[in-house]
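The values are calculated or read from the model by the stated rules, or taken from the named source; none is laboratory data. Just so we're clear, the structure is a prediction, and the values are computed from it rather than from any experiment. All Cβ positions, even for glycine, are placed from backbone atoms using ideal geometry, and neighbour counts span all protein chains on display. Note: accessible area is taken over every heavy atom of the protein model, side chains too, but ligands, DNA and RNA are not part of it. Shrake-Rupley method; radii C 1.70, N 1.55, O 1.52, S 1.80 Å.
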Amino acid sequence: MTERIVIVGGGTGGTVLANRLTDRLEPELDRGDVEVVLVNDGENQYYKPAYLYVPFGKKDVSEATKPLTDLLPRSVEFWNARVTEVDTDAQRVVLDNRRGLSYDHLVLATGANLVPEEVPGLVDGGHHFYSPEGAEALREELADFREGHLVLSVIGVPHMCPAAPVEFVLMVDDWLRQRGLREDVELTYTYPIQRAHGLQSVAEWVTPIFEERGIELETFFNAETVDPDAQVLETMEGKELDYDLLVAIPPHDGSDLVREAGLGEDGWVEVDRHTLEAEHAADVYAIGDVADVPTSKAGSVAHYEAGTVADRISSRVRGQTPTATFDGKTVCFIETGMDEATFVEFAYGDEPTMREPSKPIHWAKLGYNESYWLTARGLI
């Protein structure tokens with residue numbers, strides 16, 4: 001009888017996993033002993049880190065999009081559908097056409113959802129670069145911005161691409177300087193805990209850079225409401241901050257599928273952080289942003305998690321005891337301006353060592369952005 005592996009979600013984690021599984025299980029796929037099905041609500045994959053460059057005119061959103069069929073091997077069956085229910089007892093998922101799809105092994109790679117509507121006034125009063133539409137709208141705002149107060153406010157954690165807010169404010173500082181506008185623009189960066197970033201080493205590294213560049217830092221700043229008419233950001237702590245242009249990292253949410261399936265009360269799948277197996281169901285895994293693991297919600301994490309899960313599922317298909325584990329490995333480029341960047345690498349229990357920013361690291365990041373689609377296909 002054919003064993004079916006179902007992957008829900010066609011982002012980085014889902015496509016890397018599908019490609020890795022076909023490599024590891026090639027004989028079984030050829031014999032028809034196993035099949036891999038990837039289900040995604042839409043025909044395309046979006047490379048979200050590229051959106052950081054769109055507001056500065058350095059990328060177009062079209063460059064961050066590829067059809068999933070270009071990223072998947074022919075041996076993977078692709079279904080363009082939305083999963084509406086996960087029944088872990090019956091081991092099946094239900095699609096929006098009410099069709100059921102049974103599984104022997106299920107991997108959830110559904111990502112995170114933006115929920116700016118959770119903050120009153122934010123939809124009308126703020127901008128962000130975490131979606132194609134948001135990045136394009138912010139590009140138009142920045143193009144006409146000549147003076148005033150630009151605020152970058154991180155509203156809630158966790159969020160995708162944890163370094164991106166730091167990158168944006170350092171990039172916009174440099175971008176304004178290059179245009180002779182920096183003296184007419186006040187820059188403020190806010191973060192909800194009592195330091196500039198969730199990672200202590202990143203916070204300690206970037207705080208003096210903010211001071212050197214004249215970027216105001218507001219910590220323990222938890223935005224509660226936005227008044228679009230008065231252009232005021234109000235916090236739970238009773239602070240008020242005026243702005244002329246608000247760039248907000250909107251609140252993120254997990255998945256209703258996860259809640260309704262009993263896999264995680266907060267919408268993030270509760271998993272063993274090393275095996276990535278769901279705590280509340282057998283033969284279910286989670287990778288990428290939807291997995292509740294103590295590391296960053298970043299594409300590199302999904303990439304490394306996919307390798308671990310591919311190894312573990314392949315072992316189970318062959319009747320072997322899985323031994324592969326995920327150590328929390330995360331790698332991240334951090335832009336420090338328009339032409340310099342640094343690079344960090346860490347795992348569970350580690351703090352990254354901050355490297356001196358340089359132009360070669362910046363170009364390395366741009367090079368990776370260009371080669372990302374090879375990563376999605378499991379080639380690098």
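Taken over the stretch 189-316, the convex hull of the Cα atoms encloses 142 Å³ per residue. When the trypsin sites (Lys or Arg not before Pro) in the stretch 164-199 are filtered for DSSP coil states and for at most 11 other beta-carbon atoms within 10 Å of their beta-carbon, the remaining sites are R179.
Of the GluC sites (Glu not before Pro) found in the stretch 1-52, those that fall in a DSSP loop while having at most 13 other beta-carbon atoms within 10 Å are E43. Taking amide H as placed 1.01 Å from N in the peptide plane, H149 has its amide H under 5 Å from the amide H of E186, D244, L245, each at least 5 places away in sequence or on another chain. Amide H to amide H, with H built 1.01 Å from N, F343 comes under 5 Å of I334, R355, counting only residues 5 or more places away or on other chains. When DSSP beta bridges are limited to those with both residues in the stretch 140-251, what percentage is antiparallel, rounded to the nearest 5? Antiparallel: roughly 30 percent of the beta bridges in the stretch 140-251. Remark: the stretch 140-251 carries 43 Å² of accessible area per residue (probe radius 1.4 Å; ligands, DNA and RNA excluded).
Before anything else, pin down the relative contact order of the stretch 140-251: Cα pairs under 8 Å, at least 6 apart, normalised by residue count, whole percent. Reported as a whole number, the value is 36 percent. Applying the Karplus relation 6.51 cos²θ - 1.76 cosθ + 1.60 with θ = phi - 60° to the stretch 342-354 yields 3J(HN,Hα) values of 10, 9, 10, 9, 7, 9, 3, x, 9, 10, x, 8, 7 Hz, where x marks Gly and Pro. Net charge in the neighbourhood of E117 (other residues with Cβ under 13 Å of its Cβ; Lys, Arg +1, Asp, Glu -1) is -3. In the stretch 140-251, carbon and sulfur make up what percent of the accessible area (probe 1.4 Å)? Whole-percent figure for carbon plus sulfur exposure: 42. Between A143, V331, I155, the Cα set farthest toward the positive side of the dipole of the chain (charges on each charged residue's Cβ, about the Cα centre) is that of V331.
Using the Cα coordinates of the stretch 140-251, the gyration tensor eigenvalues translate into equivalent-ellipsoid semi-axes of 20, 18, 12 Å, sorted from longest to shortest. Compute the separation of the alpha-carbon centres of the stretch 163-204 and the stretch 315-372 and state it in Å as a whole number. Taking the Cα centre of each part, the stretch 163-204 and the stretch 315-372 sit 21 Å apart. Converting phi to 3J(HN,Hα) with the Karplus coefficients 6.51, -1.76 and 1.60 and the offset θ = phi - 60°, the stretch 121-131 yields x, 5, 4, 8, x, x, 10, 8, 10, 9, 8 Hz in sequence order, with x at every glycine or proline. The long axis of helix 12-24 is offset from the longest Cα principal axis of the chain by roughly 30 degrees.
Within the listed set G238, G57, G288, the residue fluctuating most in the Gaussian network model of the chain (springs between alpha-carbon atoms under 10 angstrom) is G238.
When the surface is traced with a 1.4 Å probe over the full set of protein chains, K359 keeps roughly 100 Å² accessible. Using heavy atoms of the protein chains and a probe of 1.4 Å, the accessible area assigned to M354 is about 40 Å². Using θ = phi - 60° in the Karplus curve 6.51 cos²θ - 1.76 cosθ + 1.60, the 3J(HN,Hα) couplings for the stretch 34-50 round to 8, 9, 10, 10, 10, 10, 9, 7, x, 8, 10, 10, 10, 8, 5, x, 5 Hz; x is entered for Gly and Pro.
Among the GluC sites (Glu not before Pro) in the stretch 74-174, those located in a DSSP loop and surrounded by at most 16 other Cβ atoms within 10 Å of their own Cβ are E147. For Rg/Rh (Cα atoms, Kirkwood Rh), the candidate list reads [x] 0.99; [y] 1.07; [z] 0.96; the entry that matches the value derived from this model is [x]. For K66, the lysines whose Cα comes closer than 16 Å to its Cα, not counting residues fewer than 8 places off in the same chain, are K48.
Under 5 Å between amide hydrogens, built in the peptide plane, is the criterion, and for Y348 it picks out G328, K329 among residues at least 5 positions away or on other chains.
DSSP assigns beta bridges within the chain; of those with both partners inside it, close to 45 percent run antiparallel.
For K365, the aspartates and glutamates whose Cα comes closer than 20 Å to its Cα, not counting residues fewer than 8 places off in the same chain, are D60, E63, E167, D173, D174, E335, D339, E340, E345, E356. Label separation (W373 vs S358): 3.0 nm, computed from points 7 Å beyond Cα along the C-beta direction.
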